[in-house]
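A.B. asks: First the structure, then my questions, so here it is.
Nothing in this text is a laboratory measurement; each read-out follows from the coordinates by a stated rule. Just so we're clear, the structure is a prediction, and the values are computed from it rather than from any experiment. No Cβ is skipped: glycine too gets one built from the backbone with ideal geometry, and neighbour counts run over all protein chains shown.
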Amino acid sequence: MSRREHWERVYETKDAASVSWFTPHVERSLAALRTFAPRGGALIDVGGGASTLVDDLLALGGWTVSVLDLSGAALAVARGRLGERERDVTWLVGDVTKVALPAATFDVWHDRAVLHFLTEAADREAYARQAAHAVKIGGHAVTSTFAPDGPLRCSGLDVVRYDAAAVARLLGNGFALRDEWREVHRTPSGSEQAFMGCVLERVEA
């Protein structure tokens, strides 16, 4: 089964609020955005799917939002929830490692829980190239993954766990680590998962 088929099946068979990564609001990411991008700007939510981040950004104002996900079914959840406001968002169905993205366009590259699913080195390298291509100088990557003591698998898939230094090494010298944090995510079923979050600034091409 391809990655796209996997995630389509997840969102076609499960309620979006029941999946283990669900959170009503992506509070830690929002806090990072208030600190590092207080005036808003252009943001791409990588693997945003059914996440409520887009709702909160539209409510705040000042943001031009694109949401990228492998699963059209996941995006349909968010679009249906937003109603008429969905027209204010650019929706992209595609694989972050392959999709065509505009160059030097985004002030923020946001990724909560996508990178850790890229278990092949070639996919991780492609992810890093995409971030370097799409984020403008002075922009930021806000990335959240399973921490070194986080789960080994999620949604039936193997994952790669990270600390902030590992994410910085992956994205390369064009990005500089500006912040990092640890977060314990409580799943809808009540279990706890250790996450690591970080902010990296795009400092050079």
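A.B. asks: Taking Rh as the Kirkwood radius, which is the inverse of the mean 1/r over Cα pairs, what is the Rg/Rh value for the chain? Walk me through the intermediate numbers first.
C.D. replies: Details: Rg = 15.6 Å, Rh = 16.9 Å.
We get a ratio of 0.92 for the chain.
A.B. asks: Shifting gears a bit: Using the Cα gyration tensor of the stretch 124-171, with a ≥ b ≥ c the square roots of its eigenvalues, what is the shape: rounded (a/c below 1.5), prolate (a/b larger than b/c) or oblate (neither)? Can you show the working numbers first?
C.D. replies: Numbers: a/c = 2.61, a/b = 1.94, b/c = 1.34.
Judged from the Cα gyration tensor, the stretch 124-171 comes out prolate (a/c at least 1.5, a/b above b/c).
A.B. asks: Residue-wise, which Karplus ³J(HN,Hα) couplings in Hz belong to the stretch 42-58, taking 6.51 cos²θ - 1.76 cosθ + 1.60, θ = phi - 60°, and x for glycine or proline?
C.D. replies: Once θ is set to phi - 60°, the couplings for the stretch 42-58 become 9, 10, 10, 9, 6, x, x, x, 8, 4, 8, 4, 4, 4, 5, 5, 5 Hz.
A.B. asks: Of the DSSP beta bridges with both residues in the chain, give the percent that are antiparallel, rounding to the nearest 5.
C.D. replies: Details: 20 of 41 bridges.
Given both bridge residues lie in the chain, the antiparallel proportion sits at roughly 50 percent.
A.B. asks: Using only alpha carbon pairs under 8 Å that are at least six residues apart, calculate the relative contact order of the chain and give it in whole percent. Intermediate results must be reported in sequence, preceding the final value.
C.D. replies: Details: 399 pairs, mean separation 39.3, N = 205.
About 19 percent, as a whole number.
A.B. asks: Now a separate question. Any idea how far the Cα center of the stretch 77-120 sits from the one of the stretch 146-187, in Å?
C.D. replies: Between the Cα centre of the stretch 77-120 and that of the stretch 146-187, the gap is 19 Å.
A.B. asks: To make sure I understand, if each residue's beta carbon is the centre and we count other beta carbons within 10 Å, what order do V159, V167 fall in, fewest to most?
C.D. replies: Working: V159 19, V167 24.
With the fewest neighbours first, V159, V167 line up as V159, V167.
A.B. asks: Rank-order 69-78, 84-93 by packing density, defined as the average count of other C-beta atoms within 10 Å over each peptide's residues, highest first.
C.D. replies: Descending packing order for the listed peptides: 69-78, 84-93.
A.B. asks: First select every other residue whose beta carbon is under 14 angstrom from the beta carbon of H133; then total the charges, Lys and Arg +1, Asp and Glu -1.
C.D. replies: Numbers: positive: K98, R129, K136, R202; negative: E125, E204.
Neighbourhood net charge equals +2.
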